[in-house]
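Working notes, beginning with the structure itself.
The values are calculated or read from the model by the stated rules, or taken from the named source; none is laboratory data. Keep in mind that what you see is a predicted model, and the values were worked out from it rather than measured. Every residue, glycine among them, receives a Cβ derived from its backbone with ideal geometry; neighbour counts consider all protein chains shown.
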Amino acid sequence: MLSSFYAEIKARFGFDVSRQAAPEDMDAPGGRFVIAYEGDQPVASGGIRTWEPGVCEIKRMFVSPDARRHGYGRKVLEALEQTAREAGFRRFEQLPIKSLTNLFYAARP
């Protein structure tokens, strides 16, 4: 799924994000990573990592093209928000790519 994410970012925005955050940055205790499944197929994912004490950054938020418009992005974002609160984070930094931030938050009720 991450290779699809990297390819889409490169196609949409023209740059490579594969080295901007190491996968281990999203391991506990400083981060978390969640995956949404449809049956046994992963369809969406996202992670958080520590930005500064008490603040986390959303990373690698992605929904597979075939699963879009089915609420998976919202579910992953809600899971990340809950996980961040449970981990003691008080605030999120926005997604670094503003157009993606708008896509995820625009679909929220």
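Assorted remarks:
- Residues in region 40-98 that are under 21 Å from Ser4 (Cβ atoms) and assigned to a loop (DSSP other than H, G, I, E, B): Asp40, Ser64, Arg68, Arg69, His70, Gly71, Leu95, Pro96, Ile97.
- From Phe13, Phe62, residue being among the aromatic types (Phe, Trp, Tyr), surrounded by 11 or more Cβ atoms within 10 Å (Cβ to Cβ) and at pLDDT below 85: Phe13
- Any hit, region 32-48, residues being under 15 Å from Arg90 (Cα atoms), modelled with pLDDT under 90 and buried (at least 20 other Cβ atoms within 10 Å of the Cβ): no
- Hits in region 49-98 - residues which are farther than 20 Å from Ala11 by Cβ and of a type in the set (A, V, I, L, M, F, W, C): Trp51, Val55, Cys56, Ile58, Val76, Leu77, Ala79, Leu80, Ala84, Ala87, Phe89, Phe92
- Total residues in region 16-31 satisfying the condition of being at pLDDT 80 or above and assigned to a loop (DSSP other than H, G, I, E, B): the figure is 4.
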